[in-house]
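The structure under discussion appears below in the form of structure tokens.
Just so it is clear, none of the values below were taken in a lab; they were calculated from the coordinates. Quick caveat, the model's predicted, so the values are computed rather than measured. All Cβ positions, even for glycine, are placed from backbone atoms using ideal geometry, and neighbour counts span all protein chains on display.
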Amino acid sequence: MPIELLQTHKLLDSCEAAIAERFTVHKLHEARDKAALIAEVAPKVRAIAGGNVDGKLMDALPKLEIIANFGVGYDTIDTAAAKARNIRVTNTPNVLNDAVAEMTVGLMIALARRIPQGDRYVREGKWPSGTFGLFSELTGKTAGILGLGRIGKEIATRLTAMKMRIVYHGRHRQEGVPYVYYSDLADMARDSDWLVIVAPGGQGTQGIVSRTVLEALGAQGMLVNVARGTLVDEAAMLEMLQSGALGGAALDVFENEPNIRDGFMRLDNVVLAPHQGSATHQTRQAMGALVVANLDAHFAGDPLPSAVV
């Protein structure tokens, strides 16, 4: 008999098809009565594909063995609860590094040169009345990277090629890294023209980019966030963008996405994106394949390709 699996949210079509070939799939996100579905399948489910898994859901599934997350970030999964219950957790790292790094650089150029605003200026027929204006460039500026992990290093490589100076902040100084390390985030922000946020989400980093850090970045400083909206004091950021105390922001993630604060919509010193950092055909296909590979490995008794817990 096929192994029973609970799918917690919509996945890529190719990923869903591959899972359906291997498992009996119960789609929690499509259920009208989610509690009733969980109660019905609880004695049989041995795997979860997707995120949004807390200890309560784990306890409701006594035979659960593995949670295969679709995404490199796994902050929607209670990993401590999973470890305590001997449930494996996997994610999809590495395969999205290039896509997110490209998106980061794109957002930075778009903000520095006001590309979306320029597009709107042309479309609205304003160009004949005068030139659009002069803005900034990345060359010669300092980029402070919060979270020099796999993606952070890919971003650093690209920004170095654009003649930027790279510095970074993280929990520890990294050996063999050719960039200046800051142990204090506010100090790094003060010495940076750009603050690039690419650290993992979760309780350990929630609100790490505080008002103090934003004030250190200052009225000429630019912020780009491709990590999680929860890392930033979003209310303070919006207030400072409105007052001019912060120079600009390029945001792919938000605190309560997809619902974002209305104030962002009225600002010209921001570029807004709908959490599309890894949203390319190539990357999402690779992410889906890695979800399936982790599930296959677990039930074959093989080492997991990308274990978190």
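Here are a few things to note about the model shown:
- If the chain linking His172 and Ser14 were pulled fully straight, counting 0.36 nm for each residue of separation and taking away their Cα-Cα distance, it would gain 53.0 nm.
- Counting Cα-Cα pairs of the stretch 97-272 in 5 Å increments starting at 0 gives whole-percent bin shares of 1, 8, 18, 22, 21, 15, 8, 4, 2, 1, 0.
- Label reach from Ile109 (point 7 Å along Cα→C-beta): in the stretch 146-190, amide nitrogens under 13 Å belong to 158-159, 161-163.
- The stretch between Arg22 and Phe135 holds 35.3 nm of extra length on full extension. This uses 0.36 nm per residue minus the Cα-Cα distance.
- What the Cβ-Cβ distance of Arg165 and Glu239 gives, at R0 = 35 Å and to the nearest 0.05, is a FRET efficiency of 0.75.
- Sparse-neighbour loop sites [trypsin sites (Lys or Arg not before Pro); the stretch 193-276; at most 15 other C-beta within 10 Å; DSSP]: Arg261
- Stokes-Einstein D for the chain, Kirkwood Rh over Cα pairs, 10 °C, 1.306 mPa s (µm²/s): 76
- Within straight-line cross-link reach of Lys83, aspartates and glutamates at Cα separation under 17 Å, skipping those fewer than 8 residues along the same chain: Asp54, Asp59, Glu65, Asp75
- Distant-in-sequence amide contacts of Val271, defined by a placed amide H-H separation under 5 Å and a gap of 5 or more residues or a different chain, comprise Ala249, Ala250, Leu251.
- Residues of the stretch 89-131 with amide N under 19 Å of a point placed 7 Å along Cα→Cβ from Gln282: 92-107
- For the set Lys27/Lys63; Lys34/Lys56; Lys126/Lys163, the pairs lying more than 23 angstrom apart at their alpha carbons are Lys126/Lys163.
- Expressed per residue, the C-alpha convex hull volume of the stretch 126-174 stands at 106 Å³.
- Modelled label positions at Ser183 and Glu30, each set 7 Å beyond Cα in the direction of Cβ, lie 5.4 nm from each other.
- Potential extension, Met265-Asp302 segment - 0.36 nm per residue separation minus Cα distance: 8.4 nm
- Exposure rule at most 15 other beta-carbon atoms within 10 Å, DSSP loop chymotrypsin sites (Phe, Trp or Tyr not before Pro): the chain longest free segment: 136-309
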